[in-house]
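What follows is a single structure, written as structure tokens, with notes after it.
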């Protein structure tokens, strides 16, 4: 029998809108909907009816709930709820995903049993917390997508205003990853306050192409009157009118008022009315209601056995409509009852109810790690501090393993604030020092680096503290934040404290040496990095530290390509070694080490100017790692080098799209800086000054020291150069000249020299009349001397050779001794390697020189090709310079060239996005578009999402119609 359509009094438009989103999800157009409204406005009723309709249509409907009490807030609580719900409805779920995805779910579903076996909580814990965090996020979206591929899926998460920070992050990630799944995501929340974490979530959420928001306004009087009349049909019209006026548009308030009818003296606001109702129940009933509120607003019937006589008063609470019978459990009629009960309880009553809650949880059987934090907080609130300590510690550790870093930080903070164990006195200091050390990752990965360092300082002051371990953790923390000089100092301090002959200390020594070798490489101290990596490899092999062994091998392989080493064919050796490291790491399910190996393999290939191979290896990496889920964030270093290769080959739109998609996810600070660098480079060369300046500022906030800070200086100098401010560029490069002399990375030195000499040459050509500047000449001579010294000391990579030749040409230009032949040779080398912009710039310079010797025919050909490439890349600053020379020299380029303008496509689409849109209009799938444009299917998905967002449409069909609205696609 078909259920009649529900009466959604006053909410018919919102209900119809949600049903439209439900319809769309059935044909592969997902939507994420956030419904916001004040308490009592009807959010739950609305999503309940949509969920009921979806279930009747055969959809899978899963729910997650956020709880108001900090005592019941669990790591990824609502996400864990809905994943358990998913598992119960789909016992075959284990077989629908790969082993790697299943292991990635471990932090939130540890202990699942069934046909698929248990999930081992340790299986997915990577050495890098940020990486396993990304792996968990990826596993959740893959699992949801796997279910949605078999049967349309509706995910409901209520009361986001009570969600933990980790759940908000994960929910935002899921929303970003919605592309073509049969999935509808419904979330409810009260309006966020500006200072809330929820406010940041809502801001980001509303910018997503798949996101929709519904703000429920108070109902009009006519709807409120109808609700009152339906709740209590016997009320006279004057009474209905009076109650309607008092309800202030709240359907829940209206229904509660209707229950009391004409009773005199009713409070005038909802909270006071609920207090009035609660005063009318028996003390025993109040204790039961308060207990249910304390455990999250829901409890099983047998849970209440901890309160004598509770069963006898349950009927009273149900009759008063304060509790509802949900079949297998009792639920508070509304969360507002819980808030009123909590705020009105005395301290003694609160202790009693928390004691009962602790007893209730214990009575259910052994308390697992997920619920240990809940039990510990109830025990603490009940005044049973010594009992609480162990449970809080278990809960904090579980939250950290689950990568719910903010919740873990709060749990450790509670532990650290507890008084010393009764009678322990100063003997408790070593245990406290160990606890401080254990808490550091929670503070670090929740973003509170200052507090994490303070914990290490306190731990170091404790008697009996493990100084070496403390120094090691300090080094890891500083290195992860990009402060490699400081972290290297900490790692050296560790080595000074360890005894190389002590087998018990060998593991820590190996890990420290491997980390130090990496930092030395990032500082440019290549020779010392090689030596340290070799020591790390020996110690790691002896200690059985496989992660440290692979880590050190990767560092040594990369550095072997940057400095002279007793290795024949260093590039070939590094390539083979890095592939082997990646294979070993994947075999160990060590995703962090695998990604570092692949990331450095793409780097080595890029230095050899084998960009096409970089792209091939990157796509191979994405394919191998696809079994872990979406990989832009997991494979962030690979993504960074992939973007660099795309930039070098002139695939600028593709590079920008991939870089922006990666930055929107959970990339490390160092990888974020590299991605910003690539975006800055493209936007600078295109003359998109405001966008480039914004990314420079974002990168400036993130960089640490060493290579990261220096790379940003290069980009700032190039930015100044193309804005025709060579003096500023000269000062920027001059400011790091001393650091450059200490650098052992040839590419890093030569990049700086090239930019610096270009700036000096530009500044010289700006002078009128031209005149020598002794000081500038001296600095330029130092720069070219630095470059020539690098060339004499090292066997240069192809990339470094090109940089050296360009540096020599710029130095010659400073003295007006550069030649067209010199620049043509540079252009041909760039053409051979596929570096389009470098070819265009070199042909422009060759054309200028040809004009200076009156070779107008040669100049015409050179400048025509330079302008053609600049137009293709939309490199407006270079195009403008070419046209300036053309007009000043009276050169004809065949058809009169037009000043290159920024191309404007419908909806602000980029050129690549317009290409994708045109193929969508032809009916091609993402896979077909990827094949047609020689890009990855994942990247096509990124483009499609951005297209839908920019055009303000909900699906591909609507987007395709936009193509037909204009003749050419250009406005």
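Bear in mind these aren't lab numbers, they're just calculated from the coordinates by the rules spelled out. Only a predicted model underlies this, so the values are computations on that prediction, with no experimental measurement involved. With ideal geometry, Cβ positions are generated from the backbone for all residues, glycine too; neighbour counts draw on all protein chains shown.
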Notebook entry, point to check: Which of the peptides 612-624, 476-488 is most tightly packed, and how do the rest follow, going by the mean number of other Cβ atoms within 10 Å of each residue?
Noted result: 476-488, 612-624
Checklist line | Mean separation of Cα contacts under 8 Å (6+ apart) over length of the chain, as relative contact order % | finding: 8 percent
Check: Say each of residue 817 and residue 723 gets a label point 7 Å from the Cα, pointing the same way as Cα to Cβ; how far apart are those two points in nm?
Finding: 3.4 nm
Note to self: Which of 529, 404 has the fewest other C-beta atoms within 10 Å, and how do the rest follow up to the most?
What the structure shows: 529, 404
Next item on the list: Please find the FRET efficiency linking residue 343 to residue 276, where r is the Cβ-Cβ separation and R0 is fixed at 22 Å, and quote it to the nearest 0.05.
Entry: 0.90
Next item on the list: Would you mind computing, in nm to one decimal, how far apart the modelled labels at residue 460 and residue 12 are, each placed 7 Å from Cα along Cα→Cβ?
Entry: 7.1 nm
Next item on the list: Highest first, please rank the peptides 36-43, 449-456 by the mean number of other Cβ atoms sitting within 10 Å of their residues.
Entry: 36-43, 449-456
Next item on the list: Give the Rg/Rh ratio for region 191-251, taking Rg as the radius of gyration of the Cα atoms and Rh as the Kirkwood radius, to two decimals.
Entry: 1.25
Checklist line | Cβ-Cβ FRET estimate between residue 84 and residue 217, R0 fixed at 25 Å, reported to 0.05 | finding: 0.10
Item checked: residue 312 paired with residue 485, simple spin-label distance in nm, labels 7 Å along Cα-to-beta-carbon -> 7.6 nm
Notebook entry, point to check: So what are the chain's ellipsoid semi-axes, whole angstrom, largest first, if each one is the square root of 5 times an eigenvalue of the alpha-carbon gyration tensor?
Noted result: 58, 37, 24
Next item on the list: Calculate, in nm to one decimal, what residue 351 and residue 301 gain on full extension: separation in residues at 0.36 nm each, minus their alpha carbon distance.
Entry: 15.8 nm
Margin query: Show log10 I(q)/I(0) for region 350-402 at q = 0.13, 0.22, 0.25, 0.30 Å⁻¹, two decimals, from a solvent-free Debye sum over equal Cα scatterers.
Written below: -0.26, -0.70, -0.87, -1.11
Next item on the list: Compute the long axis of helix 335-344 from its Cα atoms, compare it with the longest principal axis of the Cα atoms of the chain, and write down the angle in degrees, 0 to 90, nearest 10.
Entry: 80 degrees
Check: Listed highest first by mean packing, meaning other Cβ atoms within 10 Å per residue, what order do 496-503, 809-816 come in?
Finding: 809-816, 496-503
Notebook entry, point to check: Dividing the convex hull volume of the Cα atoms of region 278-365 by its residue count, what figure in Å³ per residue is obtained?
Noted result: 83 Å³
Notebook entry, point to check: Using the alpha-carbon atoms, what tilt in degrees (0 to 90, nearest 10) does helix 165-176 show relative to the longest principal axis of the chain?
Noted result: 60 degrees
Note to self: To test your reading of the geometry: what angle, between 0 and 90 degrees and rounded to tens, separates the Cα axis of helix 484-497 from the longest principal axis of the chain?
What the structure shows: 80 degrees
Item checked: Geometric extent, Cα atoms of region 664-889 - Rg, Dmax (angstrom) -> 17.3, 56
Item checked: 910, 25 arranged by Cβ crowding within 10 Å, fewest neighbours leading -> 910, 25
Notebook entry, point to check: Where the Cα atoms of region 324-442 are projected onto their three principal axes, how long is each span, largest first, in whole Å?
Noted result: 50, 32, 27
Next item on the list: Tell me, rounded to the nearest percent, the portion of alpha carbon pairs in region 221-266 spaced more than 16 Å apart.
Entry: 17 percent
Next item on the list: Grab the Cα-Cα distance for residue 502 and residue 417, subtract it from 0.36 nm times how many residues apart they are, and report the gain in nm with one decimal.
Entry: 27.0 nm
Next item on the list: Would you mind calculating the gained length between residue 788 and residue 693 on full extension (0.36 nm times residue separation, minus the Cα-Cα distance), in nm to one decimal?
Entry: 30.9 nm
Notebook entry, point to check: In Å, what Rg and Dmax follow from the Cα atoms of region 12-215?
Noted result: 16.3, 51
Next item on the list: On each of the three principal axes of the Cα atoms of region 432-640, give max minus min coordinate, whole Å, ordered largest first.
Entry: 56, 39, 29
Check: What's the exposure ranking of 59, 867, going from fewest to most Cβ atoms within 10 Å?
Finding: 59, 867
Notebook entry, point to check: According to the square roots a ≥ b ≥ c of the eigenvalues of the Cα gyration tensor, what is the shape class of region 733-843, taking rounded for a/c under 1.5, prolate for a/b larger than b/c otherwise, and oblate for the remainder?
Noted result: oblate
Next item on the list: May I ask you to derive the FRET efficiency for residue 38 and residue 319 from their Cβ-Cβ distance with R0 = 30 Å, giving the value to the nearest 0.05?
Entry: 0.65
